[in-house]
Amino acid sequence: MARRKQGPETVSPPRPRRVDPAVEERRRVIVALLRQHPDGLTAREICEATGISRNLTASALSGLFTRGVLHKRGHRYVLAAHDEDALDRSQQR
């Protein structure tokens, strides 16, 4: 079998991710809640306070964690003290 010569592959620029407005709203609600609780809250406490299901809360917390908006202190989630605007920047990614 003859192989065809391939030219340089063209790589398209990465497309900006479209974040579901409902996901953004859940994240904003969680950040607002954590601003009221500087010592942090557990995932269960966040679920109960927001009324968001356990799965959706876990997803939102994971997204906020990977973007550096919050971190864990033991079993509690707390806002990253060094950067109040991290949520705004995380939505631009």
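Each value in this text was obtained by applying a stated rule to the coordinates, not by laboratory testing. Source: prediction; values computed, not measured. Note that each Cβ is placed from the backbone with ideal geometry, even for glycine, and that neighbours are counted across all protein chains shown.
Observations on the structure shown:
- Sites His37 and Ser59, calculated FRET efficiency, Cβ-Cβ separation with R0 22 Å, nearest 0.05: 0.60
- Local electrostatic count, His37, Cβ distance below 10 Å [Lys/Arg +1, Asp/Glu -1]: 0
- Residue-by-residue Karplus 3J(HN,Hα) for the stretch 71-78, coefficients 6.51, -1.76, 1.60, Hz, glycine and proline x: 9, 9, 10, x, 9, 9, 8, 10
- Prolate/oblate/rounded call for the stretch 29-77, Cα gyration tensor, a/c under 1.5 rounded: rounded
- Whole-Hz couplings from phi, Karplus 6.51/-1.76/1.60, listed for the stretch 28-36; x for Gly and Pro: 5, 4, 5, 5, 4, 5, 5, 5, 7
- Backbone HN-Hα couplings from phi across the stretch 47-52 [Karplus 6.51/-1.76/1.60, Hz, Gly and Pro as x]: 4, 5, 6, 9, x, 7
- Annotation: amide H of Leu41 within the under-5 Å range of Tyr77, sequence separation 5 or more or interchain, hydrogens built in the peptide plane.
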